[in-house]
Amino acid sequence: MHSGKLVFAQLMEHLPLATFRRCVARYPSKYPTLTFSHLDQYLCMVFAQLTYRESLRDIETCLRAHSNKLYHLGIRGGIARSTLADANEKRDWRIYQDFALSLIQVARRLYAEDSFGLELQQTVYALDSTTIDLCLALFPWARFRKRKGAVKLHTLLDLRGNIPTFIHISDGKLHDVNILDQIAFEAGSFYVMDRGYIDFARLYVLHQAQAFFVTRAKSNLQYRRVYSHPVDKATGLRCDQTIMLTGIKSAKDYPIPLRRVKFYDAEHNKLLVFLTNNFDLPALTIAQLYRCRWQVELFFKWIKQHLRIKAFFGTSENAVKTQVWIAISAYVLVAIVKKRLNTEASLYTILQVLSLTLFEKTTLFQLLGEIENMTDPMTNAKQLNLFD
């Protein structure tokens, strides 16, 4: 048997601790750290994510049951429910946001050469949001409707590796289209989004940044056809047109030509109309690009099922954002380990095994090697195809 480090400690070795310390130093506070450091807080919260803890008391009980191993896990401070609650309430959530973003940059480099189903050299992003319902009585700052609370998780997903590159947590009332103002568009990249993001003034800003968008057209779109390109209707394509907008506001907001592609989805018996500012790719590729947008929906479904972002350990805005960002960093960390150890096991399988083996001394390489050939009991579930 391996007599070295615990599985949890081996996993945490992949964290760039120098970066973590810089993130902590960036947001100083008066909250005491000598007896319970920021790293202690982070490790406790990651432990809660990986083992599906239900509450602060649950975290405290489980860790205290292994009190003789906490030092070897990297946890130096005393574990108490009240201490962890105070840390989540008072320590700046931006520490964990910045650290998660640094992990995202590491993961993106590791997955840069991965394929996402289309042979494109450009980076392709899928943009969408998901709503997390909250009890308004417990989370009065997150008012969504008259008797309902919620926060929105706006996410820009890099389809190579399905790594979230931009995340913004807002109240439930923020309209999706407003998030386009906060994204720094990359020249040459594709941004795939649904109809909720159609604002031609903002799309024109995206175009001026020399980036490309693919989106669904609304049924009331006002336009005139400038030119029709030939299409092969056997592929499902119905038309490939160059158009000009004719609406009073839209023509002013987007004064240059657009491309309109109509595609018939025989599987679902739907006629879909796409808009894009890219005139170089084949029309069928434009339709296939939009189909890839479904990856971000699967990402939301997956993290809601397998990470603790629907039930929160604190009720303040700071505690909620802290927990969400640590959950995202845990997801990205496992993705990094999966790539570095070159394992074919899905993230679902890895997380299930880690949840039961964090206090064992098996090497991670051996542990993940043993599960590579295991049959995933949910292989056919759509949300898991994202990580196979």
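The values are calculated or read from the model by the stated rules, or taken from the named source; none is laboratory data. As the structure is a prediction and not an experimental result, all values here were calculated from the model. Cβ coordinates were reconstructed from backbone atoms using ideal geometry, including for glycine residues, and neighbour counts include every protein chain displayed.
In the set (1) surrounded by 22 or more Cβ atoms within 10 Å (Cβ to Cβ); (2) more than 23 Å from Leu258 (Cβ to Cβ); (3) under 18 Å from the mean Cα position of the chain (by Cα), Arg109 fails one condition alone, (1). Against the list (1) of a type outside the set (Asp, Glu); (2) over 30 Å from Arg108 (Cα atoms); (3) modelled with pLDDT under 95, the condition Leu258 fails is (3).
Of everything in region 3-26 that is over 24 Å from the mean Cα position of the chain (by Cα) and part of a loop (DSSP other than H, G, I, E, B), the residue that is surrounded by the fewest Cβ atoms within 10 Å (Cβ to Cβ) is Ser3. When you scan region 236-257, do you find a residue that is within 18 Å of Tyr191 (Cα to Cα), of a type in the set (Ser, Thr, Tyr) and over 29 Å from the mean Cα position of the chain (by Cα), even just one? Yes, region 236-257 contains a residue that is within 18 Å of Tyr191 (Cα to Cα), of a type in the set (Ser, Thr, Tyr) and over 29 Å from the mean Cα position of the chain (by Cα). What about Ile75, is it within 14 Å of Phe359 (Cβ to Cβ), among the β-branched types (Val, Ile, Thr) and surrounded by 16 or more Cβ atoms within 10 Å (Cβ to Cβ)? Yes: the conditions hold for Ile75. Of the strands (runs of 3 or more DSSP E) lying entirely inside region 91-193, those containing at least 1 residues that are within 25 Å of Gln208 (Cα to Cα) and either modelled with pLDDT of 90 or more or in contact with a helix residue (DSSP H, G or I) (Cβ under 9 Å, 6 or more places away or on another chain) (or both) span 124-134, 148-158, 163-171, 190-193.
Taken over region 64-90, the criterion of being in a helix (DSSP H, G or I) and either closer than 30 Å to Asn342 by Cα or among the hydroxyl-bearing types (Ser, Thr, Tyr) (or both) is satisfied by Ser67, Lys69, Leu70, Tyr71, His72, Leu73, Ser82, Thr83. Considering only residues that are among the small types (Gly, Ala, Ser) and over 17 Å from Arg293 (Cβ atoms), look in region 182-213 and name the one that is nearest to the chain's Cα centre (by Cα). Ranking the candidates gives Ala184 first.
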